[in-house]
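A short write-up of the structure that comes next.
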Amino acid sequence: MRVLHFYKTYYPDSVGGIEQVIRQMCVGTGRLGVTNQVLTLTREKDNFDFEFDGHRVRRVPLDFEIASNSVSFAAIGELARMAEQADVVHYHFPWPFMDLAHFVARINKPTLVTYHSDIVRQKHLLRLYQPLKHRFLKSVDAIVASSPNYMASSEVLERYPDKTRIITYGLDKNTYPAARQELLDKWRAKVGERFFLFVGVLRYYKGLHILLDAVANSDYPVVIVGSGPIEAELKAHAERLGLKHVLFVGALGEDDKAALLTLCYAMAFPSHLRSEAFGISLLEGAMYGKPMISSEIGTGTTYINIDGETGLVVPPSDPQALGAAMRKLWDNPQMAAEMGKRAEARYWELFSSETMAKNYVALYEELAARHAVAQLAHAGA
């Protein structure tokens, strides 16, 4: 089985949640006999074709961007060429240029879309994009939602109940490095024994301004891992509030991230908009046995984090509620530890990479078989 993944960004150019999901899909299904390739865009001028974690990555030059919509004319021809060699083409939504490329490249292979998120921010452009989006979603053979919560709350997905199914994201802890003692010692000396941790790209929907407001009248140490478009804005906001106990450490390598995930007291995940469709770093916290605080936004975050069981769930955009939840965890270490244990147990039950990989392989095989039957019927007509 040969599968081609198509998405606008991937390692090493970007290390966000969708990129991590695609990586975990490739690694997990690769162990089950799938040969994966990833077609993606890059600003780099070389190193267009390489191997990463057991699968091939093909990068083509990014030409320009409009409202976060990356465009590459070379990608259309490359998509057509690589799809010819694939048994299944696996798209990752949202990316409007991908929809157009699908039609221009005239893909005639089994296709599926992992529906990572609704488009939330670009409301005016979204109206222009609607006809193409729905033509694309109607044309593919299957759509995959990442949680029952998201499927139930998406106005887009409710239009495709017959072709949409749920396969939750999964992580393989073996792909994460073991926390090295020297790094544990380094971070313990820097941030102490107890701290709240946020990991992610610093984007508008992550709600970090809410987190900063929530800790304005407390002294809980907070470590923020990541860089992104609003980094300077957030640092300026923290400085205005005089937050000496909030540490921005920038984007870190996997070794340092593993050390911080191992050390942290709890995960703070204040995303407040539906653009946060799942929350991979929230799931990383569960995998490391940490209690979590998240907001109820009708997406997969509340499928990972069950209020009162694996952590606390608060209303979105509510610094007072977020601060109260942090205080409750901070003041009740026994409760926090028990929540962390239940979070890890839930990870092993529902969110392992092995489970995700088995479900995707079954879907690939189903779509390939269905396509073969249709081809035979067409040939005999």
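Quick check on this structure: which one of 231, 182 is touching a Phe, Trp or Tyr at 6+ places or on another chain (Cβ under 9 Å) and acidic (Asp, Glu)?
None of the others qualify; the one that does is 231.
Just give me the residues in the range 115-146 being over 25 Å from residue 303 (Cβ atoms) and within 20 Å of the chain's Cα centre (by Cα), in sequence order.
Listed by number, the list holds a single entry, 122.
Which residues, taken from the range 16-42, are within 11 Å of residue 172 (Cβ to Cβ) and β-branched (Val, Ile, Thr)?
Selection gives 27 alone.
Scan the range 219-227 and tell me whether some residue there is closer than 22 Å to residue 171 by Cβ, within 18 Å of the chain's Cα centre (by Cα) and free of Cβ contacts under 8 Å to residues at least 24 places away in the same chain.
Taking every residue of the range 219-227 in turn, none turns out to be closer than 22 Å to residue 171 by Cβ, within 18 Å of the chain's Cα centre (by Cα) and free of Cβ contacts under 8 Å to residues at least 24 places away in the same chain.
Name the single residue, out of those in the range 264-280 being farther than 13 Å from residue 196 by Cα and of a type outside the set (A, V, I, L, M, F, W, C), that is farthest from the chain's Cα centre (by Cα).
In this case the residue turns out to be 272.
Does residue 246 fit the bill of being more than 22 Å from the chain's Cα centre (by Cα), on the phi < 0 side of the Ramachandran plot and of a type in the set (Val, Ile, Thr)?
yes
Which one of 80, 105, 101 is buried (at least 21 other Cβ atoms within 10 Å of the Cβ), at pLDDT 95 or above and at negative phi? Give the derivation first.
On the way: 80 fails: buried (at least 21 other Cβ atoms within 10 Å of the Cβ); 105 fails: buried (at least 21 other Cβ atoms within 10 Å of the Cβ).
Result of the check over 80, 105, 101: 101.
Exactly one condition in (1) in contact with a strand residue (DSSP E or B) (Cβ under 9 Å, 6 or more places away or on another chain); (2) closer than 27 Å to residue 297 by Cα is not met by residue 201; state its number.
Condition (1) is where residue 201 drops out.
Return only the number of the condition from (1) touching an Asp or Glu at 6+ places or on another chain (Cβ under 7 Å); (2) buried (at least 17 other Cβ atoms within 10 Å of the Cβ) that residue 177 does not satisfy.
Against the list (1) touching an Asp or Glu at 6+ places or on another chain (Cβ under 7 Å); (2) buried (at least 17 other Cβ atoms within 10 Å of the Cβ), residue 177 comes up short only on (2).
Only residues in the range 257-276 that are open to solvent by less than 10 Å² (accessible area, probe 1.4 Å) count as the first member; pair them with residues that are among the hydroxyl-bearing types (Ser, Thr, Tyr) and assigned to a loop (DSSP other than H, G, I, E, B), Cβ under 6 angstrom, at least 6 apart or cross-chain, and list the lot.
These pairs meet every condition: 258/176; 261/288.
Residue-by-condition table, conditions (1) assigned to a strand (DSSP E or B); (2) among the polar types (S, T, N, Q); (3) in contact with an Asp or Glu (Cβ under 7 Å, 6 or more places away or on another chain); (4) open to solvent by 40 Å² or more (accessible area, probe 1.4 Å):
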{"position": "313", "(1), (2), (3), (4)": "yes, no, yes, no"}
{"position": "316", "(1), (2), (3), (4)": "no, no, yes, yes"}
{"position": "338", "(1), (2), (3), (4)": "no, no, no, yes"}
{"position": "358", "(1), (2), (3), (4)": "no, no, no, yes"}
{"position": "371", "(1), (2), (3), (4)": "no, no, no, yes"}
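So which strands (runs of 3 or more DSSP E) stay within the range 12-113 end to end and still have 2 or more residues that are among the hydrophobic types (A, V, I, L, M, F, W, C)? Walk me through it before giving the result.
On the way: elements: 35-42, 49-52, 55-61, 64-66, 69-71, 88-93.
Because the criterion is at least 2 residues that are among the hydrophobic types (A, V, I, L, M, F, W, C), the strands (runs of 3 or more DSSP E) in the range 12-113 that meet it are 35-42, 49-52, 55-61, 64-66, 88-93.
What tally of residues in the range 126-155 results from selecting those that are in contact (Cβ under 8 Å) with a residue 24 or more places away in the chain and farther than 24 Å from residue 351 by Cβ?
11
Name the one entry in 341, 290 that is among the charged types (D, E, K, R), in contact (Cβ under 8 Å) with a residue 40 or more places away in the chain, touching a helix residue (DSSP H, G or I) at 6+ places or on another chain (Cβ under 7 Å) and not assigned by the TED database to the domain that holds residue 151. Don't jump to the end; show me each part of the working.
Working: 341 fails: touching a helix residue (DSSP H, G or I) at 6+ places or on another chain (Cβ under 7 Å).
When all the criteria are applied, what remains is 290.
Of everything in the range 130-166, what is among the β-branched types (Val, Ile, Thr) and open to solvent by 10 Å² or more (accessible area, probe 1.4 Å)? Give them in sequence order. Spell out how you get there, then give the answer.
Restricting attention to the range 130-166, the residues satisfying the condition of being among the β-branched types (Val, Ile, Thr) are 140, 143-144, 156, 164, 166.
Selection gives 156, 164, 166.
Which one is nearest to residue 101 (Cα to Cα), of the residues in the range 33-61 that are buried (at least 17 other Cβ atoms within 10 Å of the Cβ) and touching a residue at least 40 places away in the same chain (Cβ under 8 Å)? Reasoning before the result, please.
Filtering the range 33-61 for residues buried (at least 17 other Cβ atoms within 10 Å of the Cβ) gives 34-42, 55, 57-60.
Within this subset, residues satisfying the condition of being touching a residue at least 40 places away in the same chain (Cβ under 8 Å) are 34, 37, 39, 57, 59.
Values: 34: 24, 37: 17, 39: 12, 57: 18, 59: 15 Å.
Once the filter is applied, the top-ranked residue is 39.
I'd like the residue in the range 1-32 that is open to solvent by 30 Å² or more (accessible area, probe 1.4 Å) and within 14 Å of the chain's Cα centre (by Cα) and, out of all such residues, is modelled with the lowest pLDDT. Write out each step before concluding.
Filtering the range 1-32 down to residues open to solvent by 30 Å² or more (accessible area, probe 1.4 Å) leaves 1-2, 8-9, 12-13, 15, 17-18, 30-32.
Still in the running and within 14 Å of the chain's Cα centre (by Cα): 8-9, 15, 17-18.
Values: 8: 97, 9: 95, 15: 82, 17: 86, 18: 92.
Checking each candidate, the answer is 15.
The values are calculated or read from the model by the stated rules, or taken from the named source; none is laboratory data. Computed from a predicted model, the values in this text were never measured in an experiment. Here the Cβ is made from the backbone with ideal geometry for all residues, glycine too, and neighbour counts use every protein chain on show. We work out accessible area using only protein heavy atoms, side chains counted, and drop any ligands, DNA or RNA first. Shrake-Rupley method; radii C 1.70, N 1.55, O 1.52, S 1.80 Å.
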